[in-house]
1. Excluding residues fewer than 8 places away in the same chain, name every one of the lysines whose C-alpha is closer than 23 Å to that of Lys93.
2. At 1.4 Å probe size, with every protein chain present, just tell me what the per residue accessible area of region 9-48 comes to in Å².
3. For Lys13, list the aspartates and glutamates whose Cα falls under 20 Å from its own Cα; do not include residues on the same chain fewer than 8 positions away.
4. When the Karplus curve 6.51 cos²θ - 1.76 cosθ + 1.60 is applied with θ = phi - 60°, which whole-Hz ³J(HN,Hα) does each residue of region 62-73 get, with x for Gly and Pro?
5. Please list 58-65, 70-77, 20-27 highest first by mean number of surrounding beta-carbon atoms within 10 Å per residue.
Amino acid sequence: MMFPYTVTFPMLKDIKAQAPQAVCQDGATSESVGILLNWTKPPFDNADVRNAIALTLDRKTFIDILGQGQGNIGGALLPGPDGAWGLPEERLKTLPGYSGDLKQNARKPGS
C-alpha cells in the first residue's frame, strides 16, 4: 500500500513495468505546481518580466511534463472533475495567462 505524495508518476510507470499484476491507481491531490523565481535577483526583480513569464507560460505542457499527462489545469482551487469548486474550463480560459493563446495574453507596453 502506498500513500499520496510517496510515488511519482515515473516511479508508478516503473512499478507497473516491473510488477504488471500490481494494482496501481492515481488520483487527484490538492497540491499546486508552480515555478519558483528569486524575485530579488535580476532579471526577476522586474515585475514586467515576471508578468511576461506568467502570461507566456504554456501551462498545459508544463503540467503534462511534470505529471506525465495526468494533471489538470486549475486556478486557485482543485480543478474538475475531482474538485467541486474549481473554475469551469470555459471560465478559466478567460483569465490572463490561461487562454492557451499567447497572442491573446500579450499586452501592450504601459497597459
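The values are calculated or read from the model by the stated rules, or taken from the named source; none is laboratory data. Please read all numbers here as calculations on a predicted model, not as lab measurements. Cβ: placed from backbone, ideal geometry, glycine included. Neighbour counts: every protein chain shown. We work out accessible area using only protein heavy atoms, side chains counted, and drop any ligands, DNA or RNA first. Shrake-Rupley method; radii C 1.70, N 1.55, O 1.52, S 1.80 Å.
1. Within reach: Lys60, Lys103, Lys108.
2. 87
3. Asp26, Asp64
4. Listing the rounded values in order: 4, 5, 4, 5, 5, x, 6, x, 9, x, 10, 7 Hz.
5. 70-77, 58-65, 20-27
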